Amino acid sequence: MDSTLLYNIPEFANSAMPMEWPIAVYFFLTGSLAGLYITSVIATLLKKEEWQPIAKLGAVGAIVLLMTAPVLLIIDLNQPLRFWHLFVYLNPTSPLTWGSFFLAADAVVCLVYTYFVLQNNTRMARMWGLGGLPIAIAGHGYTGFFLALSKGRAFWNTALNPALFMISAMVSGLAVIIILSNLYLRRYAPEMTEDQVAKHKGVIGTLLRLLIIFIITDLFLIGSDLTVLASSDTESYHMLQLLTTGEFAIWFLGIELCLGAVLPLALLAHPKTRMIPVVQYASAALVIIGIFVMRFIIVIGGQSVPMF
């Protein structure tokens, strides 16, 4: 990846976008992976029977995304067959080097943790899950640091990015696991007792409340980011215009904020209506779409400000 492009050197930076759609999808998948893994580990640590399906669903979901995400990272390389260079030619000051090792370590921990979860070995699952939490957080958090270090990009160069990436990861991870939990209940409800069904619905209710909290936190961070853009230099203000009145306005205001955050909050606001399965499916799906669009706006939109 050409650093002249990342840092907005005028002679070179207008020629191409250094990061394209595979990186945006990669950010989305690794974020959802982190959210699923963290939720699964929390479910394991609770030591309650009704949370065990959530632990298994989150772990298996994380493994599926873990097998998909690195492919997109390799595709984005100029010479994909040389991806192994990331592990041989090291640069200790590069976030990409650290990210490669975090992703590899995350894969190992996630695989071992999932094995013990599926084997119902709760003691080993708790040990590996708890030990893997810092790796999972670092594995996705580094992407926010990577962008934040790009001084020439107004939309990226903010200390809020690491926090925004992790909070939005929890939002998408919770949304995915809410859908999986409803599918699980639909499949196994006939084989469960009334008490088990009630407890599983209670777990889903807790996941929905967590989703609401994380969506609100995500909106707060987005609002803070917009405030920083509005009060900064010319390039930052131009990025704000692109998001609010320019070519990305429909994606940012219409899809990411309205459809992906405000509408789900409205649907989940009332305790009774939020327990309706259709409402849960719709809200979770809208949230996933919103976070997906967020990743594209951050990656593609962040490189769309004309150079000054």
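Looking across I216, I222, one residue alone is part of a helix (DSSP H, G or I) and surrounded by fewer than 18 Cβ atoms within 10 Å (Cβ to Cβ). It is I216. The listed residues are A107, A55, and the only one of them that is of a type in the set (A, V, I, L, M, F, W, C) and either modelled with pLDDT of 90 or more or in contact with a Gly (Cβ under 6 Å, 6 or more places away or on another chain) (or both) turns out to be A55.
L211: assigned to a helix (DSSP H, G or I), open to solvent by 20 Å² or more (accessible area, probe 1.4 Å) and within 18 Å of V293 (Cβ to Cβ), yes or no? Before you say what the answer is, go through the steps one by one.
On the way: assigned to a helix (DSSP H, G or I): yes; open to solvent by 20 Å² or more (accessible area, probe 1.4 Å): no; within 18 Å of V293 (Cβ to Cβ): yes.
Against the criterion (assigned to a helix (DSSP H, G or I), open to solvent by 20 Å² or more (accessible area, probe 1.4 Å) and within 18 Å of V293 (Cβ to Cβ)), L211 does not qualify.
For the stretch 128-140, which positions are in contact with a Phe, Trp or Tyr (Cβ under 7 Å, 6 or more places away or on another chain) and in contact (Cβ under 8 Å) with a residue 60 or more places away in the chain? Give the derivation first.
Just the residues of the stretch 128-140 that are in contact with a Phe, Trp or Tyr (Cβ under 7 Å, 6 or more places away or on another chain), to begin with: 128-129, 132, 135-136, 138-140.
The answer is G129, G132, A136, G139, H140.
Tell me, please, whether a residue that is of a type in the set (S, T, N, Q) and in contact with a helix residue (DSSP H, G or I) (Cβ under 9 Å, 6 or more places away or on another chain) can be found in the stretch 187-194. Scanning the stretch 187-194 turns up no residue that is of a type in the set (S, T, N, Q) and in contact with a helix residue (DSSP H, G or I) (Cβ under 9 Å, 6 or more places away or on another chain).
Within this structure, F296 passes the test of being modelled with pLDDT under 95, within 20 Å of Y26 (Cβ to Cβ) and open to solvent by 40 Å² or more (accessible area, probe 1.4 Å). Would you call F308 of a type in the set (A, V, I, L, M, F, W, C), under 26 Å from L147 (Cβ atoms) and modelled with pLDDT under 90? Yes, satisfied. Candidates in the stretch 99-127 are the residues that are open to solvent by less than 80 Å² (accessible area, probe 1.4 Å), over 20 Å from the mean Cα position of the chain (by Cα) and without any contact (Cβ under 8 Å) to a residue 40 or more places away in the chain; of these, the one that is nearest to G31 (Cα to Cα) is V112. Listed conditions (1) under 19 Å from the mean Cα position of the chain (by Cα); (2) modelled with pLDDT under 75 are all met by S15, apart from (1).
T39 - would you say it is at pLDDT 95 or above and either over 29 Å from I204 (Cβ atoms) or surrounded by 20 or more Cβ atoms within 10 Å (Cβ to Cβ) (or both)? Against the criterion (at pLDDT 95 or above and either over 29 Å from I204 (Cβ atoms) or surrounded by 20 or more Cβ atoms within 10 Å (Cβ to Cβ) (or both)), T39 qualifies.
Kindly establish whether A154 is free of Cβ contacts under 8 Å to residues at least 12 places away in the same chain, closer than 30 Å to T234 by Cα and not in a helix (DSSP H, G or I). The answer is no for A154.
The residue list S236, S181, S172 contains one member that is part of a helix (DSSP H, G or I), open to solvent by less than 40 Å² (accessible area, probe 1.4 Å), more than 27 Å from A136 (Cβ to Cβ) and among the polar types (S, T, N, Q), which is S236. Among the conditions (1) open to solvent by 20 Å² or more (accessible area, probe 1.4 Å); (2) closer than 26 Å to F146 by Cα; (3) touching a helix residue (DSSP H, G or I) at 6+ places or on another chain (Cβ under 6 Å), the only one that T244 does not satisfy is (3).
I'd like the residue in the stretch 224-272 that is of a type in the set (S, T, Y) and touching a residue at least 24 places away in the same chain (Cβ under 8 Å) and, out of all such residues, is nearest to L207 (Cα to Cα).
Result: S224.
Output the residues belonging to the stretch 142-180 that are of a type in the set (G, A, S) and modelled with pLDDT of 80 or more.
Start the filter on the stretch 142-180 by keeping residues that are of a type in the set (G, A, S), which leaves 144, 148, 150, 152, 154, 159, 163, 168-169, 172-173, 175.
Once the filter is applied, which keeps residues that are of a type in the set (G, A, S) and modelled with pLDDT of 80 or more, the stretch 142-180 yields A163, S168, A169, S172, G173, A175.
The values are calculated or read from the model by the stated rules, or taken from the named source; none is laboratory data. All values reported here derive from a predicted model rather than from experimental measurement. Here Cβ is always computed from backbone atoms with ideal geometry, including for glycine, and neighbour counts include all displayed protein chains. With ligands, DNA and RNA removed, areas are computed over all heavy atoms of the protein, side chains included. Shrake-Rupley method; radii C 1.70, N 1.55, O 1.52, S 1.80 Å.
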